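What follows is a set of notes on a single structure, which appears directly below.
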Amino acid sequence: MKNIVILISGGGSNMAAIVRAAERDRWGHAPGARIAAVISNRPDAGGLAFARERGIAAEVVDHQRFDGREAFEADLAAVIDRFDPALVVLAGFMRILTPGFVGRYAGRLLNIHPSLLPAFPGLHTHQRAIDAGCKFAGATVHQVTAELDHGPILEQAVVPVLPGDNAQSLAARILTQEHLIYPRAIARLLAPG
């Protein structure tokens with residue numbers, strides 16, 4: 001059985017979409033995978049309760065308890081490694097990771113970004129797309145590399161930018177697509193053959 005560890009910082013809507021897809025599509029049978037743990041860097045992350053309600057191990061490694069990024073990541077990696085993950089999935093995990101951490105999970109570390117990469121890496125993607133006059137925006141599932149939001153693209157969803165859109169309305173439409181493409185990309189990546 002291939003273990004998936006999901007990292008969150010907040011409500012965990014993408015994490016919940018992944019968990020629901022795993023239940024609905026019976027990932028335990030094919031591709032032979034399970035959500036082994038949900039880990040948050042914030043003790044108040046709402047997604048932890050969702051994981052616990054589903055019987056998924058829910059852990060906290062509070063980044064504020066550490067003097068530096070490396071110390072935090074060392075503890076985080078120790079918790080992740082207890083679950084022997086085939087994949088480590090970032091789902092609203094709001095921490096920039098060091099090259100050392102990324103290298104530790106190279107080829108197994110995924111992220112979803114709310115833009116059509118390579119356009120608009122980083123923050124404030126929805127407003128930046130609107131300000132640039134884009135007719136389309138979207139979301140990208142990608143493998144994480146040391147360069148922020150530049151790893152190999154696994155899946156994308158395109159959403160039109162509508163007249164009168166603001167960052168919040170565009171973000172809401174994109175989020176519905178994120179909930180579809182992230183589980184699909186994970187299942188495809190874990191599929192045998």
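Read-outs: derived from the displayed coordinates by stated rules, not from any lab. For clarity, every value in this text was computed on a predicted model and none was experimentally measured. Using ideal geometry, Cβ is built from the backbone for each residue, glycine included, and neighbour counts are taken over all protein chains shown.
What does the charge dipole of the range 1-134 about its Cα centre add up to, to the nearest 20 debye, if the Cβ of each Lys and Arg holds +1 and the Cβ of each Asp and Glu holds -1?
Details: 15 positive and 13 negative charges, 78 e Å.
The calculated dipole for the range 1-134 is roughly 380 debye.
Cα-based Rg of the chain per 2.2 N^0.38 Å, rounded to two decimals?
Values: Rg = 16.3 Å, N = 193, 2.2 N^0.38 = 16.3 Å.
Output field value: 1.01.
With r as the distance between the Cβ atoms of Val158 and Arg34 and R0 = 35 Å, compute the FRET efficiency 1/(1 + (r/R0)^6) and round to 0.05.
0.70
Extension gain Glu70-Glu147, at 0.36 nm per residue separation less the Cα-Cα distance, in nm?
Numbers: separation 77, 0.36 × 77 = 27.72 nm, distance 1.72 nm.
Net length gain for the segment: 26.0 nm.
On a 0 to 90 degree scale, rounded to 10, what angle separates helix 13-24 from the longest Cα axis of the chain?
Approximately 70 degrees, to the nearest 10.
Please report Phe93, Phe83 as a ranked list, fewest other C-beta atoms within 10 angstrom at the top and most at the bottom.
Working: Phe93 24, Phe83 18.
Ordered by Cβ neighbours within 10 Å, fewest first: Phe83, Phe93.
Going by average Cβ density within 10 Å per residue, which order do the peptides 112-123, 71-82 take, highest to lowest? Can you show the working numbers first?
Details: 112-123: 18.0, 71-82: 16.2.
Descending packing order for the listed peptides: 112-123, 71-82.
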